[in-house]
Amino acid sequence: MVQFDNQYRQVKLKVVYYGPSLCGKTTCLQYLHRVTDPQRRTKLYTLNTASDRTLFFDLLGLDLGRVRGYRLTLQLYTVPGQVQYNATRRAVLAGCDGVMFVADSQKSFAKANEESLANLAENLKANGLNPEQVPLVLAYNKRDLPDVLSRTELDQSLNSRRVPVFETVATSGVGVVEAFTGITKATVLSVADRLGMANQPEALSRLVENVNTALQPLMRRVSTAEVEGPVILHPSAKGDDLRADELLAEAVRANLTMTDLNVRLDQLSGELERRVANLHSINEFGRLMSLAREPEEITAGFLDRLLIELKVACGSLFLVGENGELIEVRRRGLAADPLARRDESGQSPAEVILASRQPLIARLDEVEPAQLQDAHWMEEVRSLNLLGVLAVPLFAQDRPLGLVTAFSDATRGAFEDVELELASVLGANAATALANARAWRSLEQLNSSLESAVAERTHELQDALTRTKSLAEQLEEGNLALQTANKELRDLERLKGELLDRIAHELNTPVTAIQTAGRILARYDEMPPERAVKFVEIITQESARLGDLIASSLQAAVLGIPEGRPTPIGMGVADLLRRVLAPLKGEIANRRLAVQVKVAAGLDEVVGDESQLEAALRAIVRNAVEFNRDGGSVVVTMRPVRRGASAFVEFRVEDTGIGIPAQDLPHACEVFWQGGNRLTNKPRGLGLGLAVAKRVAENHGGTLEISSEEGKGTVVAMFLPTAVARQA
Amino acid sequence: MARPLIVLVDDEPNIRATISFILEMEGFRVETAVDGEEGLEKIRALKPPVVLLDAMMPRRDGFDVCRTVKGDPALASVKVIMLTAMGQAADQEKGRAAGADFYITKPFDEEELLALLRRLTA
């Protein structure tokens with residue numbers, strides 16, 4: 001009975017090696033077990049009696065590869081030949097798909113062979129199978145022994161159905177594989193017939209070819225190869241105790257089930273091994289992907305690695321472009337990828353597969369899956385002598401990223417489900433790595449553009465800072481200039497206030513004295529005349545002082561600070577000096593000053609503006625008197641001097657007064673400046689003297705020079721150019 | 001009745017002469033000083049009830065003398081009348097800051113001065 005196992009997509013065919021006791025059934029299985037590829041068979045399960053005779057059955061599972069999308073496996077059983085074990089034989093035959101009858105060629109076994117064959121027919125019937133139709137192949141064993149029946153003799157007694165016959169020597173393996181191939185083909189064809197493939201000769205012949213391909217590796221195997229020993233199970237029950245047929249059949253069924261589970265276990269452990277290998281591949285691939293930084297590195301590494309894992313040479317990698325179209329970025333072993341070719345609707349198979357989001361495997365010999373039968377690209381793949389197609393859509397965070405394809409040829413064989421699984425995992429891995437690398441790259445780009453923006457901004461800020469600094473410096477300068485101007489203004493204001501104070505004092509003092517003296521004379525009119533005279537004198541003195549003050553005030557007011565063109569005339573020096581000194585005589589006498597006048601011989605006349613010169617000279621002399629100490633001296637000198645090419649008249653006044661502090665010297669000629677503390681020294685006058693003198697000297701094209709030592713005295717010299725004055 | 005003593009401090013000889021004459025004629029005794037330094041000496045020595053003090057003087061000005069008198073507890077009874085040609089508010093303020101009791105500007109009305117002196121020495 002064909003067993004379809006849909007979970008594992010496999011078809012199990014059951015073939016029973018039948019024959020008389022000791023004819024060599026188990027030996028055949030042992031040989032097959034030895035020569036088959038360990039990857040494609042299970043262990044050999046042997047349930048023997050203690051006397052090394054088959055008690056129940058032997059079992060060997062063989063993997064014949066994929067047929068129409070299903071994995072084809074064979075389960076080979078032997079039955080115990082002893083007559084008393086008929087219940088076991090019947091149970092083993094249940095659901096069998098083919099029988100290999102092993103006959104013992106020795107003449108002494110002629111009867112046993114016939115009895116066993118009859119027993120086979122009987123037991124098949126008991127299992128509801130038609131002995132005339134169950135696929136059957138005969139193996140005439142022990143051909144190496146003497147005293148054997150001839151092939152013809154054996155045919156006559158055993159092969160009434162004219163089924164294929166193989167002569168074998170099970171102990172050395174001669175003919176064993178060929179006989180096995182025979183029963184396998186017969187069984188597969190019978191199953192195919194039962195599945196309705198009889199009227200599809202093409203499919204049938206391809207099936208046979210598949211079976212041949214599957215069996216070929218068995219033939220190539222060297223029989224002397226070292227092999228693992230059979231698994232030997234010793235049931236605790238003794239054969240002699242197993243009399244009751246029912247009990248025996250139950251035991252056989254139980255053992256069958258157990259053996260089946262063992263087979264499944266074998267398959268699972270094989271599967272597990274493949275998966276572990278896949279996991280290793282995935283792990284290694286993941287490591288490579290995590291080391292890769294650049295998207296290009298990942299795409300190249302991914303395709304190459306995938307093709308190596310799949311043991312194929314052809315494949316391509318597509319990535320989704322900006323407009324959602326698939327762009328081939330890498331191709332191996334193909335002039336062009338058949339899946340990239342667009343059909344009339346403008347869509348390529350690759351894009352259809354990507355849109356389906358499902359990975360795909362197809363094999364061309366089976367045209368599987370069936371819906372691809374009419375796909376135009378199948379022809380193209382076939383023409384490239386390719387057999388298997390694998391395509392895996394790539395997604396990262398549920399966004400389509402691309403598609404990878406791989407193609408296998410007949411030598412490599414079609415792709416297996418496990419391989420599709422592996423390719424899917426590698427694809428998901430690569431897609432994630434690629435998405436990460438892209439994100440990383442755009443992050444880096446963002447970062448670098450941010451950096452340059454920051455640098456630019458920093459530069460701008462530095463510029464702005466520099467500009468701000470220079471503005472601040474300009475402001476500071478402006479501020480200083482303003483402060484200076486302000487201070488000058490305040491100084492001027494203060495000077496103005498001091499001038500007013502001085503004027504008030506200078507005016508009020510004589511006025512108070514005159515007024516008070518006048519009131520005394522009026523109030524005490526009976527006082528003696530000698531006393532009244534004193535107050536009249538006071539009135540006279542203070543009036544003169546007031547007059548002098550008013551005159552100099554008027555002069556300052558009229559002259560302003562004398563400006564404009566002087567009107568030069570010749571003046572007698574002696575007369576000029578007399579007029580200058582006259583108003584100061586009283587003061588000079590009061591202060592007990594010694595005044596010396598020195599005029600150079602021959603200097604009788606000077607030329608200049610009379611009133612200006614008189615005012616200037618008097619101002620200078622008045623200062624010498626005013627700021628002198630009591631009993632000091634004043635020296636007035638007039639003489640011609642030469643300075644360079646020019647001739648001057650020098651008018652020089654030296655005193656022994658308080659002097660001018662060095663820091664005040666530059667201000668001495670400023671309007672209203674006055675030496676000394678105005679409260680405690682209280683100089684008379686308005687602080688105009690030197691300013692007037694300087695202006696007068698300059699009006700005449702000359703200069704005024706002052707030198708002084710604080711506490712010792714001051715020298716003021718006015719130089720008037722002789723020539724210029726004359727010309728003017 | 002003893003004649004009240006007035007100390008007159010002024011550097012102007014004609015001012016000293018006229019004022020002291022009037023005060024003496026009106027029943028006061030007058031001691032004069034020609035500058036602040038001499039004035040302070042006489043104030044300390046005589047402790048007069050009233051001092052007539054000129055502001056603008058050599059050696060030591062009137063404001064300084066006034067401050068010194070007002071800062072000396074021994075001279076607490078001495079009334080100071082600042083007598084100056086200056087009539088500006090700033091200088092009056094300066095006088096008040098120095099602790100002057102009265103402030104009379106030149107030229108002054110002698111009756112006003114006499115009335116003040118009589119009141120202070122009564």
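The values are calculated or read from the model by the stated rules, or taken from the named source; none is laboratory data. Nothing here was measured: the structure is a model prediction, and the numbers come from that model. Cβ sites come from the backbone with ideal geometry, for glycine too, and all protein chains shown count toward neighbours.
Assorted remarks:
- Taken over the stretch A:292-316, the criterion of being over 17 Å from A:ALA391 (Cα atoms) and surrounded by 22 or more Cβ atoms within 10 Å (Cβ to Cβ) is satisfied by A:ILE298 alone.
- A:ARG565 passes every criterion in (1) modelled with pLDDT under 80; (2) in a helix (DSSP H, G or I); (3) among the charged types (D, E, K, R) apart from (2).
- Matching residues in the stretch A:508-531 - criterion: being more than 7 Å from every other protein chain (Cβ to nearest Cβ), in contact with a helix residue (DSSP H, G or I) (Cβ under 6 Å, 6 or more places away or on another chain) and within 12 Å of B:ALA17 (Cα to Cα): A:ILE514
- Residue in the stretch B:88-95 that is buried (at least 22 other Cβ atoms within 10 Å of the Cβ) and more than 10 Å from chain A (Cβ to nearest Cβ) present: yes
- For A:LEU422: the one exception among (1) under 30 Å from B:PHE108 (Cβ atoms); (2) crowded, with 16+ Cβ neighbours inside 10 Å: (1)
- Considering B:THR105, B:THR32, the condition of being of a type in the set (S, T, N, Q), under 29 Å from A:ARG545 (Cβ atoms) and without any contact (Cβ under 8 Å) to a residue 24 or more places away in the chain is satisfied by B:THR105 alone.
- When B:GLU31, B:GLU111, B:GLU24, B:GLU41 are checked against the criterion of being among the acidic types (Asp, Glu) and farther than 27 Å from A:LYS534 by Cα, a single residue qualifies: B:GLU41.
- Count - residues of the stretch A:87-134 that are closer than 20 Å to A:SER190 by Cβ, surrounded by 14 or more Cβ atoms within 10 Å (Cβ to Cβ) and not hydrophobic (A, V, I, L, M, F, W, C): 6
- Test for B:GLY62: is it facing another protein chain (nearest Cβ under 9 Å), out of contact with any helix residue (DSSP H, G or I) (no Cβ under 6 Å at 6 or more places or on another chain) and either crowded, with 16+ Cβ neighbours inside 10 Å or in contact (Cβ under 8 Å) with a residue 24 or more places away in the chain (or both): yes
- Considering residues of the stretch B:40-59 that are within 14 Å of B:MET82 (Cα to Cα) and at the interface with another protein chain (Cβ under 9 Å from one of its Cβ atoms) only, the residue surrounded by the fewest Cβ atoms within 10 Å (Cβ to Cβ): B:MET56
- Among the numbered conditions (1) of a type in the set (A, V, I, L, M); (2) more than 14 Å from chain A (Cβ to nearest Cβ); (3) surrounded by fewer than 23 Cβ atoms within 10 Å (Cβ to Cβ), the only one that B:ALA33 does not meet is (3).
- Residue in the stretch A:449-464 that is surrounded by 10 or more Cβ atoms within 10 Å (Cβ to Cβ), among the small types (Gly, Ala, Ser) and farther than 30 Å from A:GLU296 by Cβ present: yes
- Residue under evaluation B:MET25, criteria (1) more than 8 Å from chain A (Cβ to nearest Cβ); (2) over 13 Å from the mean Cα position of the chain (by Cα); (3) surrounded by fewer than 19 Cβ atoms within 10 Å (Cβ to Cβ); (4) on the phi < 0 side of the Ramachandran plot, criterion not met: (1)
- Test: residue in the stretch A:471-492 that is in contact (Cβ under 8 Å) with a residue 12 or more places away in the chain, loosely packed, with under 15 Cβ neighbours inside 10 Å and outside the structural domain of A:LEU307 (by TED's automatic domain parsing): no
- Identity of the residue in the stretch A:587-612, surrounded by fewer than 13 Cβ atoms within 10 Å (Cβ to Cβ) and assigned to a helix (DSSP H, G or I), that ends up farthest from the chain's Cα centre (by Cα): A:ALA589
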